[in-house]
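A short write-up of the structure that comes next.
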Amino acid sequence: MAETLTTLPAREEQRPAEAQLTGRPPVGERSAGAWPTRFRRNRYWIILAGLALLSVAITYGILGWENPMPFGSDGFWRIAKLRATSLVVIIVVAFCQSISTVAFHTVTNNRIITPSIMGFESLYRVVQTGAVFVLGVAGATVVQGLWQFLGQVLVMVAFSALLYGWLLTGRFGNLHIMLLVGIILGGGLGAFATLMQRMLSPAEFDVLTARLIGSISNADATYLGFSLPMAGVAGGLLWLGSQRLNVMALGREAAVNLGINHRRTMIIVLLLVSVMMAVSTSLVGPMTFFGFLVAMISYQLADTHDHRFTFPMAWLTGFVTLGGAYFVLKNIFYAQGSVGIIIEIVGGTFFLLYVLRKGRL
Amino acid sequence: MIDLTSVAKSYSSEVTIGPVDLQIPAGGITAMVGPNGAGKSTLLTMVGRLLGMDTGTIEVAGYDVVSTRSKDLAKIVSILRQENHFVTRLTVRQLVGFGRFPHSGGRLTPIDEEKVSESIDFLGLQDLEKRYLDELSGGQRQRAYVAMVLAQDTDYLLLDEPLNNLDMRHSVQMMQHLRRAARELNRTVVIVLHDINFAGHYADHICAMKNGRVEHFGTPAEIMTPEVLSSIFETPVDVVEGPRGRLAVYY
């Protein structure tokens, strides 16, 4: 990004002489950058800087707020370390949800359907409920642990690979059918999980509920060593593929015309998305509308089609939303357990308003 | 040269395209005409590798469109379809900039920007280049997409009804632009047209299709006859000598 900042003005300076010759408007104004005007470009960087500052403040707030020890002392850092886990979880979840939702929106050429709707949460619920159902309260601990975590990620990625592989390379090759099947599968799995939940004892159900509703304080730090690099690699690959994603946004035919292998790119992106979704869901449970909320806000803030700039904006927006909600709920309302619920309420309302205002999908 | 050898595609037992054997010479404008459902657009999309065929081979400038890497083909042949999904936060200039993607991989060099400017000026979009696509009329957007494939700088240009949504003045300008591109820049333009008179006036070759097959291929003088046109379009067509050349009259 720093490179872009320095090269843009230089490129513009090269042109005025020829501009006068050809009688065109000043050529400095004629470039197909990420924003059509200087004003819009500045607006982006100012908002990004503002969000970055806010993120630093939230980071400090989470680590240092009501920390009884003086700042900088050994005790301060000891307490901060205890809180750092939640912070890292927030960073990872915000990263996974925002990047994967934006990428998913792009390759599917829609801005409504998010990965969650493809049956991810439902699969998670079935795995969790199934363990408690079959093994009782003891089962809830069975789906915890490092290998179980990796297994869960694997199951979820395999699930999406099967679904995408079958539907996209099969004779359908049609996104609408895939989404429809995804919704039906998601609904079916969800119903199956609910059926099992009906038959649980109250004690078992209680344990399960605590597990199913997204909670940052609920996440186990032992997973972070694995989910961090996994999410980082997947997100990094998506960011490196920004230019291709920009072309994918033009639709299949325009993308093929410009030399993109549309089907292969699509499957790779969807697999990376499923890795990130699996990491996020396994860490904090289902978050149906968080990705949607963050993606929609960041489209407005970034105001560009260029993913190189949309991605960082989305990540920061996600961190500020999730971290801010966690900080406020924890320190003002003493209810850090309900961050997921609040975000879902806000996100769900926003989703409804958006669909109603637009009047169509 | 675009070379089609026994190309066929079937949707069902009744609806089949081909087998088509056709050679479209390099240079000049070749217009594809025919009634609805004749297979003009299908054939064009198969040449542009947007649609696979069941049997046969298609070669563009000696490159097989199935086996050649899509990335390499994007520098040889470009195709524009009728309907395009458009991104709302995209300006005309950014869209045209995408035409340089096969050459630049997304990072536009000053040379790319120059090509983009040329292409925008070529289609008279200078004043619109900073407008977002959703702020444009259908015809303006259509011209922006044509500017994009022109910026792609390919020897072969396939356009599926580019005159859709264009008014009289812009239709004529578009055809003049394309003829200029064909003559001055030595491009090969293959274009699906609905108005036979546009084809008769601007094209160098006309390919007349009907029921999934190529019925006639020739110069406008050979195709613009009452017999050929009446049989192709299954409606009585008269051809008269107008002040600017032959005109098909079918109203």
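Can you compute the modelled spin-label distance between B:V15 and B:R169, with each label point 7 Å from Cα toward Cβ, in nm?
Each label point is offset 7 Å from its Cα along the Cβ direction, giving 3.9 nm.
Compute the accessible area per residue over the protein assembly as shown, keeping the other protein chains in place, probe 1.4 Å, unit Å².
For the protein assembly as shown, the per-residue accessible area is 44 Å².
Across 5 Å bins from the origin, how do the percents of Cα pairs in chain B run, short distances first?
1, 6, 13, 17, 18, 16, 13, 9, 5, 1, 0
Quick one: pull the percentage of alpha-carbon pairs in segment A:266-361 with a separation above 22 Å.
In whole percent, the share of Cα-Cα pairs in segment A:266-361 beyond 22 Å is 37.
What's the carbon and sulfur percent of chain B's accessible surface, probe 1.4 angstrom, rounded to a whole number?
Roughly 49 percent, rounded to a whole number.
Calculate, for B:M1 and B:R183, the FRET efficiency according to 1/(1 + (r/R0)^6) with r their C-beta to C-beta distance and R0 22 Å; round to the nearest 0.05. Spell out each step's value before the answer.
On the way: r = 18 Å, r/R0 = 0.80.
That pair, B:M1 with B:R183, gives E of 0.80.
Cross-link list B:K71/B:K115; B:K9/B:K75; B:K40/B:K71; B:K9/B:K71; B:K130/B:K210; B:K75/B:K130: which exceed 31 angstrom alpha carbon to alpha carbon?
Check vs 31 Å cut-off fails for B:K130/B:K210.
Note down the nm distance, to one decimal, between modelled labels 7 Å out along Cα→Cβ at A:W45 and at A:Q300.
Inter-label distance under the simple model: 2.5 nm.
Can you grab the distance from the C-alpha centre of segment B:185-251 to the C-alpha centre of segment A:55-76, Å, no decimals?
Centre-to-centre distance over Cα atoms comes out at 79 Å.
Can you show me the helix-derived [θ] at 222 nm for the protein assembly as shown, built from DSSP H runs with n ≥ 4 at -39,500 (n - 2.57) apiece and divided by the number of residues, rounded to the nearest 500. Don't skip to the end; give the middle numbers.
On the way: 26 runs with 358 residues, N = 612.
Helices in the protein assembly as shown give a 222 nm mean residue ellipticity of -19000 deg cm²/dmol.
Note the buried accessible area between A and B here, summed over both chains, with a 1.4 Å probe, in Å² to the nearest 100. Each step should come with its number before you reach the end.
Values: alone 18010 and 12280 Å², together 26990 Å².
In total, this chain pair buries about 3300 Å².
Could you please tell me the mean projected area of the C-alpha convex hull for the protein assembly as shown, averaged over all directions and given in square nanometres to one decimal?
Projected area, direction-averaged: 33.1 nm².
Let me cross-check A:V207: its accessible surface, 1.4 Å probe, with only protein heavy atoms counted, in Å² to the nearest 10?
About 50 Å², ignoring ligands and nucleic acids.
Which FRET efficiency value, to the nearest 0.05, do you get for A:I341 and B:R246 by plugging their Cβ-Cβ distance into 1/(1 + (r/R0)^6) with R0 = 56 Å? Don't jump to the answer; show the numbers that get you there.
Details: r = 74 Å, r/R0 = 1.33.
With R0 = 56 Å, the Cβ-Cβ based efficiency is 0.15.
What longest range of chain B stays clear of loop-exposed GluC sites (Glu not before Pro) (DSSP non-H/G/I/E/B, at most 15 other C-beta within 10 angstrom)?
Counting at most 15 other Cβ atoms within 10 Å as exposed, the longest clean stretch of chain B is B:84-233.
I'd like the distance between the alpha-carbon centres of segment A:87-137 and segment B:42-67, rounded to an integer number of Å.
40
Between B:P110, B:P162, B:P226, find the one with the highest GNM mean-square fluctuation for chain B; connect C-alpha pairs within less than 10 Å.
For chain B, modelled as a Gaussian network with Cα springs under 10 Å, the answer is B:P110.
The values are calculated or read from the model by the stated rules, or taken from the named source; none is laboratory data. On a predicted model such as this, the values are computed, not experimentally measured, just so you know. FYI the Cβ positions are ideal-geometry reconstructions off the backbone, even for glycines, and counts take in every protein chain you see. Heads up: the accessible areas ignore ligands, DNA and RNA and are worked out on the full protein's heavy atoms, side chains in. Shrake-Rupley method; radii C 1.70, N 1.55, O 1.52, S 1.80 Å.
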